[in-house]
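What follows is a short report on a single structure.
The values are calculated or read from the model by the stated rules, or taken from the named source; none is laboratory data. Model, not experiment: these values are computed from the prediction. Using ideal geometry, Cβ is built from the backbone for each residue, glycine included, and neighbour counts are taken over all protein chains shown. Keep in mind that these areas ignore ligands, DNA and RNA; they rest on the heavy atoms of the full protein, side chains included. Shrake-Rupley method; radii C 1.70, N 1.55, O 1.52, S 1.80 Å.
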Amino acid sequence: MTTPFFQPVSGIDLPRFAGVPTFMRLPHLTPNDPAYTDVQMGLVGIPWDSGTTNRPGARHGPRMLRDLSTMIRAGNPVTGINPFTIVNCADLGDISPNPVDIMDCMERITTFYTDLKNRGITPMTAGGDHLSTLPVLRALASDSPVGLIQFDSHTDLFDSYFGGNKFTHGTPFRRAIEEGLVDPKRMVQIGIRGTAYNSEDVEWGEAQGVRIIRIEEYFDRGIKDVMSEARKIVGSRPTYCTFDIDFVDPAYAPGTGTPEIGGPTSFQAQQTIRELSGINLIGADLVEVSPPFDPSGTTAWLGASLMFELMCVLSQAIKAE
């Protein structure tokens, strides 16, 4: 196989603090660039958090993730994967958001990802709050429902907020199931924890067939056992992976809008993502990084590192097609 030609700029050749920041120091391409047609994995930012119900700031996530991703090197020393030599990866820029109109912004996102799907580009997305995932799924799952692996401390399966608002970062996966975008019997949520308003979200999800793995079960059984079950649940058919940074304990990821204590370490998060190897992934996202709550950039650095781990398993899935 010919080595893909979109390669990240090495810190050996250009200092990491220099140059225009892009995701993983990859070329930034637009649809007008002739090379756009050669992209196999597109890194996209969704700087939008209008679905946030309490502490906003995730709209600033993609920019900080880009900046901190300049620290990423090309090879994964544990898995041996270099995604940049497996598939052509490029930074495809940001969705142009409409921060004052949720419905319009979701249409913009779906339109952008529909184009990616039609071009055969697998997306790796940086959010944005978790409502961002819904319009992405509207594009990628427009033909048939997909499986879903969700790493999160919240189910995001509530019906509505504030007297009937159906579209917040606490409702996207209920909408996704209702709209036929996700097959609930091929959906698994891992890491759920924290105090609760009530149990309506969990009860509704389980009634649809969603497998909800609370953090206590995750720790009791261990990562490999839990992820083995997750792989069985989604099977060999197309599956999407969504990773909320609040899956990780706030000791490691304080920069998020709704942190919950008692979560995995940064290392355990890496180990968990690596267990996605072999799944028929059609895309992934990492959401809810909120830089205003962590000016140090530690959370964004963790987020960029986990994006790289997701890129490693995504590249394998693309190559297997």
List every residue pair whose Cβ atoms lie under 8 Å apart, where the two residues are 6 or more positions apart in sequence or sit on different chains, the first residue falls within the stretch 50-76 and is acidic (Asp, Glu), and the second residue, located anywhere, is modelled with pLDDT of 95 or more and open to solvent by less than 10 Å² (accessible area, probe 1.4 Å). Asp67/Gly297; Asp67/Ala300
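Select, from Arg66, Arg59, Arg16, the only residue that is part of a helix (DSSP H, G or I), of a type in the set (Lys, Arg) and open to solvent by less than 70 Å² (accessible area, probe 1.4 Å).
Details: Arg59 fails: open to solvent by less than 70 Å² (accessible area, probe 1.4 Å); Arg16 fails: part of a helix (DSSP H, G or I).
Answer to the check: Arg66.
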For Pro295, the lone unmet condition from (1) under 16 Å from Pro62 (Cα atoms); (2) over 13 Å from the mean Cα position of the chain (by Cα); (3) modelled with pLDDT of 95 or more; (4) not in a helix (DSSP H, G or I) is (3)
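What about Gly194, is it open to solvent by less than 10 Å² (accessible area, probe 1.4 Å), in contact (Cβ under 8 Å) with a residue 12 or more places away in the chain and of a type outside the set (Val, Ile, Thr)? Walk me through it before giving the result.
Working: open to solvent by less than 10 Å² (accessible area, probe 1.4 Å): no; in contact (Cβ under 8 Å) with a residue 12 or more places away in the chain: yes; of a type outside the set (Val, Ile, Thr): yes.
For Gly194, the condition - open to solvent by less than 10 Å² (accessible area, probe 1.4 Å), in contact (Cβ under 8 Å) with a residue 12 or more places away in the chain and of a type outside the set (Val, Ile, Thr) - is not met.
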Take the residues of the stretch 156-168 that are within 19 Å of Asp49 (Cβ to Cβ) and open to solvent by less than 20 Å² (accessible area, probe 1.4 Å): which is nearest to the chain's Cα centre (by Cα)? Asp156
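Which ranges mark the strands (runs of 3 or more DSSP E) fully within the stretch 182-283 that have 1 or more residues being over 19 Å from the mean Cα position of the chain (by Cα)?
Values: elements: 182-192, 211-214, 239-244.
Hits in the stretch 182-283: 182-192, 211-214.
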Filter the stretch 209-260 down to residues that are hydrophobic (A, V, I, L, M, F, W, C), farther than 16 Å from Ile273 by Cβ and touching a residue at least 60 places away in the same chain (Cβ under 8 Å), then give me how many there are. 2
Flag for Asp115 being open to solvent by 30 Å² or more (accessible area, probe 1.4 Å) and either in contact with a His (Cβ under 9 Å, 6 or more places away or on another chain) or part of a helix (DSSP H, G or I) (or both): yes
